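The values are calculated or read from the model by the stated rules, or taken from the named source; none is laboratory data. These numbers come from a predicted model, not from an experiment. Every residue, glycine as well, gets a Cβ built from its backbone with ideal geometry; the counts of neighbours run over all protein chains shown. Side chains are part of the model used for accessible areas, which takes the heavy atoms of the whole protein and leaves out ligands, DNA and RNA. Shrake-Rupley method; radii C 1.70, N 1.55, O 1.52, S 1.80 Å.
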Amino acid sequence: MNLEFTAEENAFRDEIRNFIENNYPKHIEGKGIQDELSPEDMVAWHKVLGEKGWSVPAWPEQYGGTGWTATQRYIWGEENARVNAVMPLPFGVSMVGPVIYTFGNEEQKAKHLPGIKSAEVWWCQGYSEPGAGSDLASLKTTAVRDGDDYIINGQKTWTTLAQHADWGFFLCRTDPDAPKPQQGISFILIDMKTPGIEVRPIKLIDGGYEVNEVWLTDVRVPAENLIGEENKGWTYAKFLLAHERSGIAGVARSKRGVEKLKDIAKHELLDGKPLIQDMGFATKVSQLEIDLAALEITELRTLAGEQAGKGPGPESSLLKVKGTEIQQRLTELTLEAVGIYGTPDADSFPDDGSNDFPIGPDYAHHAAATYFNMRKTSIYGGSNEIQRNIITKMILGL
């Protein structure tokens with residue numbers, strides 16, 4: 001594999017960098033996933049990209065994609081990571097969008113794809129349930145056909161940002177008597193304003209509000225919102241998760257995170273010397289960089305396969321496992337580097353002052369919150385234990 005960028009690709013990087021520098025919304029500069037972002041902030045960059053025609057770069061051109069090569073899309077990701085851009089939410093762009101343009105009918109494509117591209121319509125994902133997370137096939141939410149509608153009853157949980165969503169894509173059981181549980185599930189699009197839907201917040205340990213329970217009680221949904229065939233939802237769900245897992249790898253963001261970690265370690269001291277000079281800590285950082293470089297090569301190979309017409313397959317499970325493990329190691333090393341300044345509990349500070357303005361350097365303020373938040377990455381999108389089973393079966397043939 002040739003890892004050198006061509007002159008054309010370097011010119012493309014310059015074009016991308018110039019566009020970002022001149023068009024990225026000023027009011028969200030410097031904000032990241034742990035900052036207080038309003039719903040408007042979360043989609044501000046997406047709307048700019050929608051107007052430019054760059055909001056869905058991986059989609060086929062006929063549905064609004066850019067026609068960029070795999071390398072160009074990789075460069076696009078790197079340049080956005082460089083400025084820590086608040087990227088388009090994945091629920092529409094990377095998850096339900098590809099399902100709709102691959103398996104949906106022409107009416108569904110015309111109705112839903114434009115709103116995803118423009119960020120006018122916010123989507124959420126109704127997969128996990130109490131008792132049906134990694135074992136998703138055991139889900140119990142039902143959809144019973146009643147004339148031209150489905151009547152849906154059940155409960156979903158960990159539904160990210162559902163409090164803002166206009167639409168959701170839900171897995172529902174349409175055949176409780178199917179020989180295998182996977183064979184009785186359908187993929188249904190639901191307007192979140194439909195009567196009978198209740199979104200209940202799940203407050204996180206830091207007081208944040210990111211995830212929800214979603215209760216569905218006699219929710220009447222037009223049967224035309226069914227994607228593909230009834231009872232074939234498991235096939236569409238696996239297709240969606242393969243796209244989600246590839247994106248979870250987050251190589252470009254982790255590369256930026258390693259650069260930030262090394263900079264922190266140059267400023268933090270251990271026994272009067274920069275932490276980066278400590279052999280034990282430097283070894284851990286070096287091993288992290290090595291593993292990240294190997295993951296980057298794997299991601300590039302996967303992107304090259306997609307460019308050749310091969311959709312993301314079981315290799316997306318490998319990207320998900322290694323990518324999330326690297327993210328967790330990165331946040332753990334960052335928390336280790338900032339030391340006492342990363343203390344998450346206000347009661348542990350020796351003074352009686354407010355914790356609204358934490359002590360220590362700015363780079364330490366979110367270290368603990370980010371560390372704890374990133375514990376979830378090895379669970380969502382299909383837990384890493386399940387991904388290892390997929391790798392064992394689909395790649396190793398065991």
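Points to keep in mind about this one:
- Note that the chain shows a convex hull volume over its alpha carbon atoms of 163 Å³ per residue.
- Per residue, the chain exposes an accessible area of 50 Å² to a 1.4 Å probe, with every protein chain left in place.
- Within the stretch 97-140, the GluC sites (Glu not before Pro) that combine a DSSP coil assignment with at most 16 other C-beta atoms in a 10 angstrom radius are Glu120.
- Relative contact order (%) - criterion: Cα under 8 Å, at least six apart; region: the chain: 13
- Taking only protein heavy atoms and a 1.4 Å probe, the accessible area of the chain is 52% carbon and sulfur.
- Loop-resident trypsin sites (Lys or Arg not before Pro) (DSSP state other than H, G, I, E or B) in the stretch 155-234 with no more than 10 further Cβ atoms inside 10 Å of their Cβ: Lys193.
- For the stretch 27-76, GluC sites (Glu not before Pro) meeting the loop criterion (DSSP other than H, G, I, E, B) and having at most 15 other Cβ atoms within 10 Å: Glu29, Glu36.
- Computed helical MRE - 222 nm, the chain, DSSP H runs ≥ 4 contributing -39500 (n - 2.57), nearest 500: -13500 deg cm²/dmol
- Highest-first arrangement of 78-84, 359-365, 92-98, where packing means the average Cβ count within 10 Å: 92-98, 78-84, 359-365
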